[in-house]
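Asks: Just dropping this structure here.
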Amino acid sequence: MTSAQPEKKKALAYRQTGQPDTLVNVGANVCFGAEKIVLIGGPCAVESQKQITDTARAVAEAGAVMLRGGAWKPRTSPYDFQGLKEEGLLMLAQARQETGLPIVTEVLDPRDVEKVGEVADMLQIGSRSVQNFPLLREVGISGKPVLLKRGMMTTIEEWLDAAEYVLAAGNSNVVLCERGIRTFDTALRNTLDVCAVAVLKHITHLPVIVDPSHAAGDFRYVVALARAAVAVGADGLLVESHWRPAEALSDANQSLTPGQFQELTTECRAVATAIGRTL
Ligand code: PEP
Ligand code: MN
């Protein structure tokens with residue numbers, strides 16, 4: 001028994017005895033929680049129409065079934081690139097039209113949920129917003145599929161409580177995303193908590209995916225962490241890729257080139273096959 005066993009007050013996020021995995025559908029063809037592992041690729045931020053469209057094409061060719069890209073960026077410094085906002089949303093929509101990939105993008109402010117939800121196929125709640133309760137309530141009310149990242153200092157229990165806010169608002173389309181936590185180790189940006197994936201697959205019915213990019217913070221380790229994520233049972237991968245990583249306005253150091261993204265797909269497919277899944 002772990003400390004995070006089902007309790008009555010957390011009935012929605014926790015798996016009840018015998019409860020099957022919840023499937024979360026996005027767009028016409030993407031399903032989180034099924035046998036096929038969902039590969040999401042794209043840049044940290046939307047920077048221009050050409051950048052997002054060309055990157056979308058490259059990741060689609062390499063096997064991605066969804067496009068990521070931030071239009072509103074939660075930056076530690078207010079002087080860093082904050083995203084193209086509404087203009088970025090339109091660029092994402094154009095890239096979707098050209099590639100057919102559904103879009104996941106972050107919403108930072110409860111007041112923007114409706115606007116972002118009109119364009120995005122899935123709303124991302126970033127690590128820094130995991131306990132922004134008014135925002136969680138608002139995406140809950142929206143009914144849109146939600147990708148809920150783990151906070152860098154959030155316990156599994158606190159994370160599931162955050163999911164509970166969305167579920168309690170009537171939205172059962174929640175996908176959890178482990179993206180690395182802060183530990184005593186400073187070698188990498190964060191520490192990928194593969195334990196959390198194993199625990200969550202047991203105690204919750206919600207799909208669980210992994211973001212190896214923000215965990216590593218370094219492109220050299222992203223493929224290895226992605227392989228580990230598939231091996232431990234992740235239902236999907238969220239991977240940052242950029243057509244020209246050196247020119248990226250955010251998270252350049254962790255962004256994969258299209259070639260590296262292809263390598264990630266090939267290697268993760270082999271791991272998926274070994275555990276009886278597809279990618
Ligand atoms: C992102 O996905 O670009 C991002 C900001 O992630 P996180 O919230 O995990 O830091
Ligand atoms: Mn990023």
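The values are calculated or read from the model by the stated rules, or taken from the named source; none is laboratory data. The shown structure was predicted, so the numbers you read here are calculated from the model rather than taken from an experiment. Cβ placement follows ideal geometry from the backbone for every residue including glycine, while neighbour counts extend to all protein chains displayed. Keep in mind that these areas ignore ligands, DNA and RNA; they rest on the heavy atoms of the full protein, side chains included. Shrake-Rupley method; radii C 1.70, N 1.55, O 1.52, S 1.80 Å.
Asks: In a GNM of the chain with a 10 Å cut-off on Cα contacts, which of Gln19, Gln94, Gln82 has the highest mean-square fluctuation?
Replies: Gln19
Asks: Rounded, prolate or oblate: which fits the chain when a ≥ b ≥ c are the square roots of the eigenvalues of the alpha-carbon gyration tensor, with rounded for a/c under 1.5 and prolate only if a/b beats b/c?
Replies: rounded
Asks: Compute a Gaussian network model of the chain, connecting alpha carbons closer than 10 Å, and tell me which residue from His202, His242, His214 fluctuates the most.
Replies: Checking each option, the largest mean-square fluctuation is seen for His202.
Asks: Which net charge results for the neighbourhood of Pro74, defined as the other residues with beta-carbon distances under 13 angstrom from its beta-carbon, given Lys and Arg at +1 and Asp and Glu at -1?
Replies: Neighbourhood net charge equals +1.
Asks: Just to be sure I understand: with springs between alpha-carbon atoms less than 10 Å apart, which residue in Ala93, Ala187, Ala45 has the highest mean-square fluctuation in the Gaussian network model of the chain?
Replies: Result: Ala187 has the largest fluctuation of those listed.
Asks: The range 29-162: Rg/Rh from Cα coordinates, Kirkwood Rh?
Replies: Ratio of gyration radius to Kirkwood radius for the range 29-162: 0.96.
Asks: Here's something else I'd like to know. At a threshold of 8 angstrom on Cα-Cα distance, excluding pairs fewer than six apart, so keeping six or more, what relative contact order does the chain reach in percent?
Replies: Once divided by the residue count of the chain, the mean separation gives 21 percent.
Asks: Hey, any idea what % of the chain's accessible area is carbon plus sulfur with a 1.4 Å probe?
Replies: After summing per-atom areas, the C and S share lands at 54 percent.
Asks: Something else about it: May I have the convex hull volume per residue, in Å³, for the Cα set of the range 96-213?
Replies: That works out to 109 Å³ per residue.
Asks: May I ask you to give the solvent-accessible area per residue for the range 24-274, in square angstrom, as obtained with a 1.4 angstrom probe?
Replies: 38 Å²
Asks: Further, regarding this structure: Just to be sure I understand the rule: take each whole DSSP H helix in the chain, project its Cα atoms onto its long axis, keep it if the span is 27 Å or more and its mean Kyte-Doolittle hydropathy is at least 0.0. Which ones pass?
Replies: None pass (Cα extent of 27 Å or more, hydropathy at least 0.0).
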